[in-house]
Amino acid sequence: MPKPKLNTETMDKIVSLCKRKGFVYQSSEIYGGLSSCWDYGPLGAELKRNLKSFWWEAMTNRRDDIEGLDASILMHPKVWHTSGHVKEFTDPLIDCKRCKRRFRADKIEEGSKKCPECGGELTDVRQFNLMFKTFMGPIEDEASIVYLRPETAQGIYVNFLNVKNSSRQKIPFGIAQIGKAFRNEITPGNFIFRTREFEQMEMQFFVHPSEDEKWFEYWREERWKWYELLGLNMNKLRWHQHGQDELAHYAKVAYDIEYEYPFGWQELEGVHNRTDFDLSRHKEATGKDLRYSDDIYKEKFIPYIIETSAGCDRTLLTILVDAYDEVEIRGETRVFMRISPKVAPIKAAIFPLVKKEGMPEYAEKIYQELKKRFKVFYDVSGAIGRRYARMDEAGTPYCITIDGQSLEDDTMTVRDRDSMDQTRLKLPEIQKFLEEKVNG
Ligand code: ATP
């Protein structure tokens, strides 16, 4: 089936579908909304939870060499001085003298002296720090300033010794974390692509400095495979290597995995070689010996760090964009959200064909049984075609219909959203089938 060509019009359709179906709402909408902040509705919250578990499973539970962590958002302010964020975590800001709009200088045409919106004269570029500040405690003065973390990574670095000691892991090993990060972006936008509050899924892998390149390549491959497993259309992904002018202050080499969104190719995840930059700086600032040694590596050394840093909200947007499909059926344009069963908010819907002859009672029992293991949905209202259509838009991969024959031989039709195939199965077979598709 050819997919519709994605463009900004498609983006508008996706945003409106997200609101209508309960994936994503504008934050504080009844107050007119808060720019760049979004809330996840019932389907969105479920999708996000599934996505995070899918990442967590792959990055911790299915491996022996990665430990999980959940560090606090507020950290000692010195962390951000040491890490270089207070000085260097900036974007170049430019203002239009006429319309007063603000832009990221690196996102407008190079060398342009004119405002891209109104053609007015632009100010000189100045560096704008992206960290949000707040105050700790009742006194609002310089001494009580704390920052909302702009990346989850520092929470991992300051806990390197703790995790190493309590887990008894040996290098090479990693620490993974999912959590909120905040950046006072100059130009947020494109729905949940760039927001000021977002969640990151980061993993920091500690290696011997002589092995950094090998592990860097390893993690590039692993992360690429993860997106394949997630079921994305891999033709829409590509690698982009950072040039010298793009590299963050801590990075030796960096590659982004980019996705082709309706608004163009953009970063989805970064894989960075952060060298020993962060741990060395923290060692210097605290006087704590963050060097590593064991019976294999006799000498003491500061490990190099390979970081994989993905945005949870951005991956969720990618799933939605990638899944969006329109199909003409009998003169009607129908939307199918072809979300993989692994992360789909609802795994299966259960329908009695009609509201009589014992079918609702039978279907209710099937629903109660499946509900013990899977997120399922029971729907008895409306024509069967409409019920299918509602589930296709919600991204539900399977619909199970109970008809007259079910009451005689205990088989039900399982309809596959993408192939439209219908197969008759009994409850234990359905349970096995869903288990394979969802957790396999
Ligand atoms: P950009 O150049 O797009 O601002 P970045 O290079 O600063 O991004 P990183 O610091 O590498 O981004 O962050 C790692 C990941 O965190 C990104 O790949 C993205 O998925 C996510 N991310 C970063 N900033 C935002 C944001 N403002 N909103 C949503 N996700 C974000």
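Between S83 and any residue 5 or more places off or on another chain, the built amide H atoms are never under 5 Å apart.
Here the 3J(HN,Hα) profile of region 348-362, calculated from phi with Karplus coefficients 6.51, -1.76 and 1.60 at θ = phi - 60°, is 8, 10, 10, 10, x, 4, 10, 8, 8, 6, x, 5, x, 5, 5 Hz, Gly and Pro shown as x. Overall, region 346-439 carries a charge dipole of about 360 debye about its Cα centre when +1 sits on the Cβ of Lys and Arg and -1 on the Cβ of Asp and Glu, all other atoms neutral. Could you calculate the FRET efficiency of N165 with I73 from 1/(1 + (r/R0)^6), where r is the beta carbon distance between them and R0 is 22 Å, rounded to 0.05? The formula returns an efficiency of 0.40 here. Listed as lacking a disulfide-compatible partner in the chain: C18, C37, C312, C399, by the criterion of no other cysteine Cβ under 4.7 Å.
Residues whose amide H lies under 5 Å from that of T411, counting only those 5 or more places away or on a different chain, are absent; hydrogens are built 1.01 Å from N in the peptide plane.
In this rough spin-label picture, where each label sits 7 Å from Cα along the Cβ direction, the E436-E117 distance is 5.5 nm.
Compute the relative contact order of region 346-439 as a whole-number percentage, counting only Cα pairs closer than 8 Å that sit 6 or more residues apart in sequence. Relative CO of region 346-439 lands at 29 percent. Of the residues Q127, L279, M11, the one whose Cα sits farthest toward the positive end of the charge dipole of the chain, with +1 on the Cβ of Lys and Arg and -1 on the Cβ of Asp and Glu, is M11.
Amide H contacts under 5 Å for F132: L148, N184, restricted to partners 5 or more places along the chain or on a different chain, H placed in the peptide plane at 1.01 Å from N. Think of each Lys and Arg Cβ as +1 and each Asp and Glu Cβ as -1; about the Cα centre, that makes the dipole of the chain roughly 720 debye.
Cβ-to-Cβ counts within 10 Å put F433, F173 in ascending order as F433, F173, the fewest first.
In region 127-202, if the dipole is taken from +1 on Lys/Arg beta carbons and -1 on Asp/Glu beta carbons about the Cα centre, which of F198, T152, S167 is farthest to the positive end? Of the options given, the answer is S167.
Each value in this text was obtained by applying a stated rule to the coordinates, not by laboratory testing. Worth saying up front: this structure is predicted, and the values here are computed from it rather than measured. Because the Cβ atoms are built from the backbone with ideal geometry, glycine has one as well, and the counts that use them run over all protein chains shown.
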